[in-house]
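The block underneath contains the structure these notes are about, expressed in structure tokens.
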């Protein structure tokens, strides 16, 4: 039995129950999501309230911050990493694929002088570009099963879909 198999069994049951609940109460209205951001006192550290959770965001010291927390861009890339792993777990649960471990590396390029007048980068977008991820799956499943799981991740991960609206998000997978 692989390390994540018990979790995946619980996950599959929870997903089925949630789907039944959603189908029993079909609405043409989307679920509304709400997040609140602010600043912590005079520090400049940003607080982000997400339901009952609080995240911090800060700038590096060289940008006038304290380096106490990830930047907003790092949090965005972290959201992609979390969503890719979570979607891989969902896909494994739905497909009855045994997993020992799942991890992902996310990379992106950002030009430090982007959008700065008087530089060669004045017209360069200041958002992360060339976003890519490498998903590693430790599993006894066949390559075909893992490729299908990966296809499900590309198709169903909401953050990949969101970021894909702004540009290409490249992904690949391999065995752990």
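Annotations
- Evaluated against (1) more than 13 Å from residue 150 (Cα to Cα); (2) free of Cβ contacts under 8 Å to residues at least 60 places away in the same chain; (3) surrounded by 15 or more Cβ atoms within 10 Å (Cβ to Cβ), residue 95 falls short on exactly one condition, (1).
- Any chance residue 122 is more than 19 Å from residue 5 (Cβ to Cβ), over 11 Å from the mean Cα position of the chain (by Cα), free of Cβ contacts under 8 Å to residues at least 60 places away in the same chain and surrounded by 15 or more Cβ atoms within 10 Å (Cβ to Cβ): no
- Among (1) farther than 29 Å from residue 97 by Cβ; (2) part of a helix (DSSP H, G or I); (3) modelled with pLDDT under 95, the one test that residue 22 misses: (1)
- Flag for residue 94 being at pLDDT 95 or above, touching a helix residue (DSSP H, G or I) at 6+ places or on another chain (Cβ under 9 Å) and not assigned by TED's automatic domain parsing to the domain that holds residue 161: no
- Just one of the listed residues (77, 56) is in contact (Cβ under 8 Å) with a residue 40 or more places away in the chain, in contact with a strand residue (DSSP E or B) (Cβ under 8 Å, 6 or more places away or on another chain) and either under 27 Å from residue 107 (Cβ atoms) or assigned to a strand (DSSP E or B) (or both), namely 77.
- Only residues that are in contact (Cβ under 8 Å) with a residue 24 or more places away in the chain and either farther than 18 Å from residue 84 by Cβ or part of a strand (DSSP E or B) (or both) were counted across segment 125-142, and they come to 12.
The values are calculated or read from the model by the stated rules, or taken from the named source; none is laboratory data. Computed from a predicted model, the values in this text were never measured in an experiment. With ideal geometry, Cβ positions are generated from the backbone for all residues, glycine too; neighbour counts draw on all protein chains shown.
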